[in-house]
Amino acid sequence: EDQVTQSPEALRLQEGESSSLNCSYTVSGLRGLFWYRQDPGKGPEFLFTLYSAGEEKEKERLKATLTKKESFLHITAPKPEDSATYLCAVQSSTGGSYIPTFGRGTSLIVHP
Amino acid sequence: ETGVTQTPRHLVMGMTNKKSLKCEQHLGHNAMYWYKQSAKKPLELMFVYSLEERVENNSVPSRFSPECPNSSHLFLHLHTLQPEDSALYLCASSQAGTVDETQYFGPGTRLLVL
């Protein structure tokens, strides 16, 4: 069974204080790993898809990296508007299912 | 309209009411999903439709009834709900069977059952 564990559950940062969110996964063959941002009461907003170990993607202050066991979402010099819940999901390449397994998310608060 | 849209955005209903949630995707995708998101819980997959056929039903109570008339529209019909059904209901779509099967979500419907 595919599993996704995100840590920490909650993170408080000062504006400008860089940090990383972790997504550890267990999957029988990784087809894709996805990062989303979710604001309260809204649907998840797609950020990145990573496919293979060593891959990295960047968008503004966010950078996602991938190894064979985990993914990191690095946030450089965060701003208060980066406050949100960040969700990680993995998709298995076996069993014919294209349905991803989601983690519980990391709630990030950035204080001005 | 672009992406995935959902209506209504907010819904309050009594336990004896019947209502429907609507989802429309403008991405040309062939798969659509309903998720339930309760406070402090991870996303719960409810239903999956691929090419307008239901391919997965995660033991959802029969008071939730999905309908997918075509590849762009998805409905969730609600009847005799319970207060514990209050949650954010999210619709998503993806292009299944391709290299990039990323799911794209709608804004959600916030449901309150009294």
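In debye, nearest 20, what is the charge dipole magnitude of segment B:36-114 about its Cα centre with +1 on Lys and Arg Cβ and -1 on Asp and Glu Cβ, if you could check? Mind dumping the intermediate values first?
Working: 6 positive and 9 negative charges, 77 e Å.
The dipole of segment B:36-114 has a size of about 380 debye.
All Cα-Cα distances of chain A, cut into 5 Å bins from zero to the largest, leave 2, 13, 24, 25, 19, 11, 5, 2, 1, 0 percent in each bin in turn. Per-residue Cβ neighbour counts within 10 Å put A:72, B:47 in the sequence A:72, B:47, beginning with the fewest.
Over segment B:61-114, the Kirkwood radius and the radius of gyration, each from Cα atoms, give a ratio Rg/Rh of 1.05. The relative contact order of chain B comes to 36 percent, based on Cα pairs under 8 Å that sit 6 or more residues apart.
Kirkwood-type hydrodynamic radius, segment B:25-114: 13.6 Å, calculated from all non-identical alpha-carbon pairs. Here segment B:44-114 and segment A:17-41 have alpha carbon centers that stand 22 Å from each other. Shown for A:39, A:2: other C-beta atoms within 10 Å of each C-beta, ranked fewest to most, produce the order A:39, A:2.
Charging the Cβ of each Asp and Glu at -1 and of each Lys and Arg at +1, and nothing else, the dipole of chain A about its Cα centre rounds to 140 debye. Think of each Lys and Arg Cβ as +1 and each Asp and Glu Cβ as -1; about the Cα centre, that makes the dipole of the protein assembly as shown roughly 480 debye. Candidates B:70, B:34, A:32 compared by Cα position along the dipole of the protein assembly as shown: farthest toward the positive end lies B:34, with charges placed on Cβ.
List A:92, B:38 from most exposed to least, where exposure is judged by having the fewest other Cβ atoms within 10 Å. Walk me through the numbers on the way to the answer.
On the way: A:92 21, B:38 13.
Ranked by crowding around the Cβ, least crowded first: B:38, A:92.
Radius of gyration (Cα atoms) of segment B:1-60, expressed as a multiple of 2.2 N^0.38 Å: 1.28.
When you look at the Cβ of every residue in B:96-108, what mean number of other chain Cβ atoms sits within 10 Å?
Values: counts 3, 2, 1, 4, 3, 8, 9, 11, 5, 8, 3, 5, 5.
For peptide B:96-108, the averaged partner shielding equals 5.
For the protein assembly as shown, the percent of C-alpha pairs falling in each 5 Å distance bin, counted from 0 to the bin holding the largest distance, reads 1, 7, 14, 18, 18, 17, 12, 8, 4, 1, 0.
Values quoted throughout were computed directly from the atomic coordinates according to the rules given, and no laboratory measurement underlies them. Everything numeric in this text was worked out from a predicted model, so none of it was measured. All Cβ positions, glycine included, derive from the backbone under ideal geometry; neighbour counts span all protein chains shown.
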